[in-house]
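Read through the structure below, which is laid out as structure tokens, and then see the notes.
Laboratory data are not the source of any read-out in this text; all were calculated from the coordinates shown. All values derive from a computational prediction rather than experimental measurement. When we count neighbours, we look across all protein chains shown, and the Cβ atoms used for this are built from the backbone with ideal geometry, even at glycine.
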There are 2 protein chains.
Amino acid sequence: MSSHPMPPDGPFATVAILGLGAMGGSLARALSGLEARPRIVGWSPVGAERDAAANTNAVDAAPSAWREAVAGADLVVVAAPLAASCELIEALAAVTPAETTLTDVASLKVPVARVAAEVGVQDRWVGAHPMTGSEGSGFAASRSDLYQGARVWTVAHASAKPRVERVSTFWRSVGARPTLIAAEDHDRLMALASHLPQLTSNALASVLSRFDVTPEELGPGGSDMTRLAGSNSAMWRDIFDHASPELLRGLDALAGATARIADLLRRGDLEAITRLMDRTREWSQGA
Amino acid sequence: MSSHPMPPDGPFATVAILGLGAMGGSLARALSGLEARPRIVGWSPVGAERDAAANTNAVDAAPSAWREAVAGADLVVVAAPLAASCELIEALAAVTPAETTLTDVASLKVPVARVAAEVGVQDRWVGAHPMTGSEGSGFAASRSDLYQGARVWTVAHASAKPRVERVSTFWRSVGARPTLIAAEDHDRLMALASHLPQLTSNALASVLSRFDVTPEELGPGGSDMTRLAGSNSAMWRDIFDHASPELLRGLDALAGATARIADLLRRGDLEAITRLMDRTREWSQGA
């Protein structure tokens, strides 16, 4: 059904990337700069993105139909928002042969793992979540060094374990640091390590906006704290559709901590504020 | 009483910097790299900081007594935490001649302006607040480009207006962008633009720490959101000793916004979450 000139543990000879935004576009750019460059086929639902990727030589081909893009691919990377990723994994199950390895870069892994199991590709799907990105979106926000040094969580069913090392090697080839984790543990961690900071930034920006503070009036600290507030709501909507109890617990704890700080300041309890700051400083220094 | 070879509107020939931490140390480094380098005399209460500044040629002299450091200075820059800055302005009033211009870099300006008025130097004090810095502290955290492109708020009593342009030129010489503002307006703005983001970072870090998330498990967004949590509590203690009603209002609003987001997620109101994210994105893009 498909020809595989490379041994199953060698590098992937042909890589199809479905989605050419900041994540998929950056992956194409990074792969295209490798000495042992695979054949890279890119696809995006947006014609202008396909053209942009082709014009920068980030891809070898950019057909307008995704089925054409994945034909003959050894690895298909789904680089789309979460809901679209689930749909594509389902569709790929029907049209790709058993030799083809599937991966995705969605920032939650339980929903994708569930679909992979349901459509019978859990033995050839190795999910990935690169902890990097951009508050920008689209191919214009892509860059060849996006994955350099980035942690990439990988997730796989027991039956897909033989493919994990090959996918890990793939991610290492673009400079990333893959680490295997259980899907449930990953999603619990992300609720706190990623989704909570995102919403904290939105909450802070909404308050600053309400008090008529402009982004230009912020120093570097305030700018860092509101950078995520510029993120794309469409991508996050999918994620919050799977909002975990951990995220709700984290938000409740944050609302409580903020109210407590206000209370301490009102009472002039600077000792307690100092202790809080010293504790968070120790935490941030890994003490 | 003192000799002033330069005209009063020319550059300052001799600059004394009291405090050689991240702010004062960076100023000394920046000045020492100028083609028209003034004579730079540095002082710190910490001997090791004086030695470090002298060893890097950031200063021409680093006497152990601050009175010695300010003798003959055309400009004295107080680069200390807020309470120490107020004390030094008071002490400088007694020992520096009327020709000497005084400035400081404390991040609140009303308390310093009040002391300057009380001790009779409001006609020669032009306060400054550079909106830059480092979560690190000490001379080791200083760098020559810290002020490059940074906004510097300047504050002056009507009687000190003749000195404002000269102090602004001084800040421009190290790459900063000075803007005159009323002390009260400055402090109100900082409560929201600087102090609120700082405490938001502390609150978020305290929650992550409580849920056993480590800094290494954060992506770039989470790292940005907790960078300020590593700030020095001693510097901030002084600032929170003057906590303004705006900061308390901001914290209350943040606690409310965070609780509201949790509530929306609990109810699965993704439309409202999307609207919130779109609004903060518009704000961050200056729309």
Report summary line: Taking placed amide H atoms and a strict 5 Å upper bound, the residues 5 or more places from B:Gly138 or on another chain that come that close are B:Ala22
Requested in this report: Determine the calculated [θ] at 222 nm for chain A from helices alone, applying -39500 (n - 2.57) to every DSSP H run no shorter than 4 residues and normalising by the residue count; nearest 500 deg cm²/dmol.
Outcome: -14500 deg cm²/dmol
Report summary line: Quick calc, segment A:1-115, dipole around Cα centre from Cβ unit charges on Lys, Arg (+) and Asp, Glu (-), nearest 20 debye, gives 140 debye
Query - Separation of the B:Ala13 and B:Val119 label points, Cα + 7 Å toward Cβ, nm - result: 2.6 nm
**Report entry** Gaussian network model of chain B, Cα within-10 Å springs - most flexible of B:Met23, B:Met277, B:Met235
**Finding:** B:Met277
**Report entry** Dipole magnitude (debye, nearest 20) for segment A:175-278, charges at Cβ of Lys, Arg, Asp, Glu
**Finding:** 80 debye
Requested in this report: Taking each label point as 7 Å beyond Cα in the direction of the beta carbon, state the distances from B:Arg37 to the same residue in the other copies, shortest first, in nm.
Outcome: 4.8
Query raised in the report: Using θ = phi - 60° and the Karplus curve 6.51 cos²θ - 1.76 cosθ + 1.60, what whole-Hz ³J(HN,Hα) does each residue of segment A:218-234 get, with Gly and Pro shown as x?
Result: 8, x, x, x, x, 5, 4, 6, 10, 4, 5, 5, x, 5, 6, 5, 4
Query - Total charge dipole magnitude, the protein assembly as shown, about the Cα centre, Cβ charges on Lys, Arg, Asp, Glu only, Debye to nearest 20 - result: 220 debye
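What is the sum of charges around A:Arg50, taking Lys and Arg as +1, Asp and Glu as -1, for the other residues whose C-beta is under 13 Å from the C-beta of A:Arg50?
Charge balance in the 13 Å sphere: -4.
Of all DSSP beta bridges in segment B:1-154, what percent run antiparallel (nearest 5)?
Roughly 15 percent of the beta bridges in segment B:1-154 run antiparallel, per DSSP.
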Report task. For segment A:211-257, build the charge dipole from Cβ charges (+1 Lys, Arg; -1 Asp, Glu) around the Cα centre, then report which of A:Leu248, A:Ser233, A:Leu218 sits farthest towards its positive end. Result -> A:Leu248
Report task. Would you mind checking the tilt of helix B:270-284 against the longest principal axis of the Cα atoms of chain B, expressed as 0 to 90 degrees and rounded to 10? Result -> 20 degrees
Query raised in the report: Once Rh is set to the Kirkwood radius over Cα pairs, what Stokes-Einstein translational diffusion coefficient, in µm²/s, holds for the protein assembly as shown at a temperature of 10 °C and a viscosity of 1.306 mPa s?
Result: 61 µm²/s
Query raised in the report: Distance in nm between label sites at A:Arg210 and B:Leu180, each 7 Å beyond Cα in the beta-carbon direction?
Result: 3.5 nm
Query - Cα radius of gyration and Dmax for segment B:106-255 (Å) - result: 17.4, 55
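Take every DSSP beta bridge with both residues inside chain A and express the antiparallel ones as a percent of the total, to the nearest 5. Working shown, then result.
Numbers: 5 of 24 bridges.
DSSP beta bridges in chain A are roughly 20 percent antiparallel.
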Report summary line: Label points for A:Val95 built 7 Å along Cα→Cβ; distances to same position in the other copies, nm, shortest first, come to 8.0
Report summary line: Taking a ≥ b ≥ c as the square roots of the eigenvalues of the Cα gyration tensor, with a/c under 1.5 meaning rounded and otherwise prolate when a/b exceeds b/c and oblate if not, segment B:52-100 is oblate
Report summary line: If the chain between A:Val46 and A:Ala234 were fully extended at 0.36 nm per residue, the gain over the current Cα-Cα distance would be 66.1 nm
Query - HN-Hα J in Hz across segment B:187-199 - Karplus 6.51, -1.76, 1.60, θ = phi - 60°, x for Gly and Pro - result: 5, 5, 4, 5, 3, 8, 7, 10, 6, 5, x, 4, 6
Report summary line: Taking A:156-163, B:208-215, B:248-255, A:25-32 and ranking on average Cβ neighbours within 10 Å, highest first, one gets A:25-32, B:248-255, B:208-215, A:156-163
Query raised in the report: Tell me, what is the percent relative contact order of segment A:197-287, built from C-alpha pairs under 8 Å that lie six or more residues apart?
Result: 22 percent
Query raised in the report: Along the charge dipole of segment A:15-139, Cβ charges K/R +1 and D/E -1, which of A:Val41, A:Leu18, A:Leu31 sits furthest on the positive end?
Result: A:Leu31
Query raised in the report: Given springs between every Cα pair under 10 Å in a Gaussian network model of chain B, which of B:Thr96, B:Thr154, B:Thr274 has the largest fluctuation?
Result: B:Thr274
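Beyond 18 Å, what share of the Cα-Cα pairs of segment B:195-287 is found? Please give it as a whole percent.
Everything past 18 Å amounts to 61 percent.
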Query raised in the report: Can you list the lysines whose alpha carbon sits under 28 Å from that of A:Lys109, skipping same-chain ones fewer than 8 residues off?
Result: A:Lys161
Query - Hydrodynamic radius by Kirkwood, which averages 1/r over all alpha carbon pairs of chain B, in angstrom - result: 20.5 Å
Report task. For chain A, set up a Gaussian network in which alpha carbons nearer than 10 Å are linked by springs, and say which option among A:Gly33, A:Gly127, A:Gly42 fluctuates the most. Result -> A:Gly33
Requested in this report: For segment B:152-220, compute Rh as the Kirkwood radius over C-alpha pairs and then the Stokes-Einstein diffusion coefficient at 10 °C and 1.306 mPa s; write the answer in µm²/s, rounded to an integer.
Outcome: 105 µm²/s
Requested in this report: Could you list which residues have their amide H under 5 Å from that of B:Trp153, counting only those 5 or more apart in sequence or on another chain, with H placed in the peptide plane?
Outcome: B:His129, B:Met131, B:Thr179
**Report entry** Prolate/oblate/rounded call for segment B:235-287, Cα gyration tensor, a/c under 1.5 rounded
**Finding:** oblate
Requested in this report: Please work out the C-alpha center-to-center distance from segment A:176-255 to segment A:53-115 and express it in whole Å.
Outcome: 27 Å
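Using only the Cα atoms of segment B:69-191, build the gyration tensor, take square roots of its eigenvalues as a ≥ b ≥ c, and label the shape rounded, prolate or oblate: rounded if a/c is under 1.5, else prolate if a/b is larger than b/c, else oblate. Intermediate values should be presented prior to the final figure.
On the way: a/c = 1.38, a/b = 1.26, b/c = 1.09.
Rounded.
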Query - Under the Karplus curve 6.51 cos²θ - 1.76 cosθ + 1.60, θ = phi - 60°, whole-Hz ³J(HN,Hα) for segment A:105-119, x wherever Gly or Pro sits - result: 10, 5, 8, 10, 10, 4, x, 6, 4, 5, 4, 4, 5, 4, 9
Query raised in the report: Given Cα pairs under 8 Å that are at least 6 residues apart, what percent is the relative contact order of chain B?
Result: 16 percent
Query - Across the identical copies, how the A:Asp263 labels are spaced - nm, sorted shortest first, 7 Å along Cα→Cβ - result: 1.9
